[in-house]
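Following: one structure in C-alpha cells, then a few remarks.
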Protein chains: 2
Amino acid sequence: MTSIKDVAKAAGVSTATVSRVLANKPPIRPETRERVMAAIAQLNYRPNLVARSLRAQKSAKIGLVVSDIRNPFFTAIGRAVEDAAYEQGYSVLMCNTDENPEKEMLYLNLLHDENVSGIIFSPTHQFSSQAGDFHFDIPTVIIDRLVHNKEADMVLLDNVSAAYELTEHLLANGYRKIAGLFGDASATGQERHQGFVNALRDHGLTPFSAEFVSPRIRSGFSAATALLQNADQPDAIFTSNSMLTAGVFQAAREFKIKIPDEFALVGFDVTEWGEFVDPPITVIAQPTEEIGRTATELLFQRLSNPNRSARTVILKGNLLKRGSSIAKR
Amino acid sequence: MTSIKDVAKAAGVSTATVSRVLANKPPIRPETRERVMAAIAQLNYRPNLVARSLRAQKSAKIGLVVSDIRNPFFTAIGRAVEDAAYEQGYSVLMCNTDENPEKEMLYLNLLHDENVSGIIFSPTHQFSSQAGDFHFDIPTVIIDRLVHNKEADMVLLDNVSAAYELTEHLLANGYRKIAGLFGDASATGQERHQGFVNALRDHGLTPFSAEFVSPRIRSGFSAATALLQNADQPDAIFTSNSMLTAGVFQAAREFKIKIPDEFALVGFDVTEWGEFVDPPITVIAQPTEEIGRTATELLFQRLSNPNRSARTVILKGNLLKRGSSIAKR
DNA sequence: TTGTAAGCGTTATCAT
DNA sequence: ATGATAACGCTTACAA
C-alpha cells in the first residue's frame, strides 16, 4: 500500500505538505504543489479513507436504515439517497431492520461505530414510541414515519390529507360502503386511517369497516377474503400500503371478483404491478425521489450547520386516478 | 467518546488486556476478565470500528456493486447479500453504477479506499471486456455476468440452458415464428441469445428475428411496436430480461394485442407485475436468494482462505410456465 | 498472565 | 512556505 509517506519521500517534502496539497489548503508554493502532484500520479497514490476517518472522527458515509429494501417505496428512496450522496462524494451503508427493534438498534450502534456522518432512518413502531428520550448523537433525518423528537429532522408525507383525498375520490365516484385496511407497524397507518375517517365523516358516513393488520401481502389477502365472502360486501376497499393492496388484489383474482365492477380498490405507492394490471390501481403516489433527495440534502445542511434547529418537511402525495376506481354504475 | 483507555483505567488494567478480553484471546485470568467486562458495561463502551479497521487493514464491510438496485433482480440480490453479511457481522456498502464504467471505477476505488474486506460485483460490459488484465487486490465475487479473469470467484446462471428450455417450451406449445429481444449491456444477453438460437436450430428452425437493444422498458416497447405492427407478425416474443418483457407487455396493451391469443410472451426474472397481470408471464426464475447467499458465502470462504483458487458456481434457472405462453390454438 | 510501546495513515498544531 | 510531531483508537509483538 502506498501511503502519504511514500509520496512525501518521492516529492522530497514532508507528509504535512502532501496533506496540504491534497486538501488544497494554502499556503503552498505552486512549484511544490506540482512536484507533489507528480509524485501522487506517478505512485498512483490514493488516500486511505479509514485513516482519514479515524483522524477526523467522521467519514464520508451515511447510513440508510429502513425496514426492507425490497419494499418498492424504500427501493426508490434508497436509490435517490444513493444518488444524492454520490454527488457529494458520500457513500451509503444499507441496513434492513425487518421492523425488528433489535436489528434496528444493532444497526444504529453499528453506524455509530463506523463513524458515519449521518443517518437516514425510517424507524420501527417500537422505536417511535420511545423516540422522545432518544438522543441522536449523529445527525439523523427521519423519513416516512412521524416521531416526536426535537433533535431529528424529518421528511414526511401529509398522510392525513392524502388519505382524505383518496377517500373523497371514492366518494365522488359513487362508492359508499368503504372498507379500510391499515398497516399496524407505524404511525403512518394511523394517520391514513385518520384521513379516511375524516373524509367519510365530512360526508356524513362511517366506514363499512376499518382494520389494522400487519403490512404483508398475506394479511391483505386474508382480510380481503373475509370481507368479500360475506353476504354484506363493501363496494370499495381502501388500503394504506402497497403490500395490503397487493393482497387484496390477489384475493379478488383468486375468487374471481371483478374490479371495479364488484368493488373498487385504492391504495398508496406506485408499483410496477399496479400500473400493469387491468384495470390499473388508483393510488396516492408518494414523491419517493423527492423524499430521498430532500432527506439527504437536509442531512448535508445539518452537517455544515450542526446547531441549526431541526426542521420537518412535509410533502404532498399525488392522486393517480386509474381504472380500479372509476365512477360507479 | 469513551475509548479503550477509559475502560483500561476504570478496570485498573492496560489497554492490551482490554483488547484481549474483547477479542476473547487467552491467556486471560477469569477475574481480570470480569473486571474488564464490568468496566465496559459500566462505561457503555463500544469499540471504534474505524480504528480497528485502520489497524487491521480491513473492515467488516463488503461492497455491493450493481447497475441499479431498482432492478428487481438486483433488489433481491441486495437483500440476500445483506442478510448473509449481517449474519457474519458484516455490513454492506451499496453502489449503483448505472452501467457507467466511470462510476463503476470510482466505486471500485472507493471500496478499496474504505478497506472493505470483499466485493460482490456485477460488472458493466466495458469492464468485462478488459477484465482479463484487471487485478482484484480485494477478494471479489462476480455475479450475473461472465468475466474472464483467473482471480475472481463467480456465481452465474446457466443462461444458455435456461434460454434453451424457455425456447423449447414455446416450441412445445406450438409457437413457430419466434422473435427474440436481447439486452446489449452484458454477456448475459449474448448467452441467452445463444440458447435461443440453439433450441430453434435443434428443431430445424430459425428465429423470426433477433435484436440486441439496451435493457430498458422503452427499448422493449419500441422493438415490440415495430414487430407487432408489421403485416408479418411473430407468434411469440422471447425477451432476455425483465425490462424488455415489461416494454413488450406495455406495447401489447397499448395496441390492444391479446396475449397469448395473438402472440406469446416469455422472459427472465420474477417480478411482481409478471405474476399479477392477466395472463401472468411465463419466465425463467433466477434463484436470486441463492445467488446472493452463495456469492456472500464464497466471499467469506475466500476471506478465510485467501489463496484458494477461484471457483465458479453455476446455478440453474427455473421455468415457471404461466398463462402468457399456453398451448397454441 | 499482564504491561509497554510501536504502528496502522492521516491531519492539525506549532515551530522554523 | 514547509517540517516535525502528536494524536485519532486499536491490536500485537515483545518484555516482564
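Each 5 Å bin, from zero up to the one with the longest distance, holds this percent of the alpha carbon pairs of the stretch A:159-285: 2, 12, 25, 27, 22, 11, 2, 0.
Axis angle, to the nearest 10 degrees, between helix A:101-113 and the longest C-alpha principal axis of chain A: 20 degrees. In the stretch B:81-194 the Cα-Cα distances spread across 5 Å bins starting at 0 as 2, 10, 17, 20, 16, 12, 9, 6, 4, 2, 1, 0 percent of all pairs. Please report the relative contact order for chain B, taking Cα pairs under 8 Å with a sequence separation of at least 6, and give it as a percent rounded to a whole number. Relative CO of chain B lands at 16 percent.
Would you mind ranking A:His203, B:His135 so that the residue whose beta carbon has the fewest other beta carbons within 10 Å leads the list?
Working: A:His203 12, B:His135 6.
Fewest-to-most Cβ neighbours within 10 Å comes out as B:His135, A:His203.
How shielded is A:50-56 by partner chains, expressed as the average number of their Cβ atoms within 10 Å of its Cβ atoms? Intermediate results must be reported in sequence, preceding the final value.
Values: counts 14, 6, 3, 8, 8, 2, 1.
Per-residue shielding by partner chains comes out at 6.
Under a 5 Å amide H cut-off, with hydrogens placed 1.01 Å from N, B:Ala210 pairs with B:Gly180 among residues at least 5 apart or on other chains.
How much FRET efficiency would the formula 1/(1 + (r/R0)^6) give for B:Arg201 and B:Asp158, where r is the Cβ-Cβ distance and R0 is 25 Å, rounded to 0.05?
0.85
Two-decimal Rg/Rh of the stretch A:29-90 from alpha-carbon positions, Kirkwood Rh?
Result: Rg/Rh = 1.22.
Along its first, second and third principal axes, ordered by size, the stretch B:232-292 spans 41, 22, 16 Å in Cα coordinates.
For peptide A:272-280, compute the average count of partner chain beta-carbon atoms within 10 Å of each residue's beta-carbon. Present the calculation step by step, with values, prior to reporting the outcome.
Numbers: counts 11, 7, 3, 3, 12, 5, 4, 0, 1.
Partner-chain Cβ atoms within 10 Å, mean over residues of A:272-280: 5.
Taken along its principal axes, the alpha carbon cloud of the protein assembly as shown reaches lengths of 79, 69, 56 Å, longest axis first.
Computed from backbone phi, the HN-Hα couplings of the stretch B:18-35 come to 4, 4, 5, 4, 4, 8, 6, 10, x, x, 8, 6, x, 5, 4, 3, 4, 4 Hz, rounded to whole numbers (Karplus: 6.51 cos²θ - 1.76 cosθ + 1.60, θ = phi - 60°; Gly and Pro given as x). Under 5 Å from the amide H of B:Ala236 lie the amide H atoms of B:Lys177, B:Ala179, B:Ala264, each residue being 5 or more positions distant or on a separate chain, with H modelled from the backbone and absent for Pro and chain starts. In this simple spin-label approximation, A:Phe134 and B:Ala327 carry label points 7 Å from Cα along the Cα→Cβ vector, and these lie 5.8 nm apart.
Taking only the C-alpha atoms of the stretch A:4-47, Rg followed by Dmax gives 8.9, 25 Å.
As a test, work out the antiparallel percent of DSSP beta bridges whose residues both lie in chain A, rounded to the nearest 5. Write down the numbers at each step before the final one.
On the way: 3 of 39 bridges.
Expressed as a percentage, antiparallel bridges in chain A total about 10.
Potential lengthening of the chain between A:Thr312 and A:Glu254 amounts to 16.6 nm, from the contour at 0.36 nm per residue minus the alpha-carbon distance. For the residue pairs A:Lys61/B:Lys150; A:Lys321/B:Lys321; A:Lys103/B:Lys5; A:Lys177/A:Lys258, the alpha carbons lie more than 23 Å apart in A:Lys61/B:Lys150; A:Lys321/B:Lys321; A:Lys103/B:Lys5.
Length gained on full extension, A:Glu31 to A:Arg216: 60.2 nm, using 0.36 nm per residue less the C-alpha separation.
For the pair B:Asn24 and B:His148, label points projected 7 Å from Cα toward Cβ lie 4.6 nm apart.
PRE reach from A:Leu320 (point 7 Å along Cα→Cβ): which of the stretch A:198-240 fall under 18 Å by backbone N? Counting backbone N atoms under 18 Å from the label point, the list is A:238-240. Under 5 Å from the amide H of A:Leu319 lie the amide H atoms of A:Ala285, each residue being 5 or more positions distant or on a separate chain, with H modelled from the backbone and absent for Pro and chain starts.
What the phi angles of the stretch B:208-220 give under the Karplus curve with 6.51, -1.76 and 1.60, with θ = phi - 60°, is a coupling list of 4, 6, 8, 10, 10, 9, 5, x, 9, 4, 5, 5, x Hz, glycine and proline written as x. The mean number of Cβ atoms from other chains found within 10 Å of a Cβ in peptide A:92-98 is 5, as a whole number. Angle check, please: helix A:242-254 long axis (alpha carbons) against the longest principal axis of chain A (alpha carbons), in degrees 0 to 90, nearest 10. Between helix and principal axis, roughly 40 degrees.
Value of Rg to Rh for the stretch A:52-128, rounded to two decimals, is 0.99; Kirkwood radius and Rg both from alpha-carbon coordinates.
I need to check one value: relative contact order of the stretch B:4-47, counting alpha carbon pairs closer than 8 Å and at least 6 residues apart, in percent. Write out the running numbers ahead of the final one.
Working: 34 pairs, mean separation 19.0, N = 44.
Computed over the stretch B:4-47, the figure is 43 percent.
Relative to the longest principal axis of the Cα atoms of chain A, helix A:159-172 runs at roughly 30 degrees. Plainly put, the tip 7 Å out from Cα toward Cβ on B:Ile314 is 5.9 nm from that tip on each other copy, the closest given first. Counting only DSSP H runs of at least 4 residues, each contributing -39500 (n - 2.57), and dividing by the residue count of chain A, the helix-based mean residue ellipticity at 222 nm comes to -14000 deg cm²/dmol.
Kirkwood hydrodynamic radius for chain B: how many Å is it when counted over pairs of different Cα atoms?
Numbers: mean 1/r = 0.0449 Å⁻¹.
Kirkwood radius, chain B: 22.3 Å.
No lab work stands behind these numbers, since they all come straight from the coordinates. Keep in mind that this is a model prediction, so the values were computed, not measured. Cβ atoms come from the backbone with ideal geometry, glycine included; neighbour counts cover every protein chain shown.
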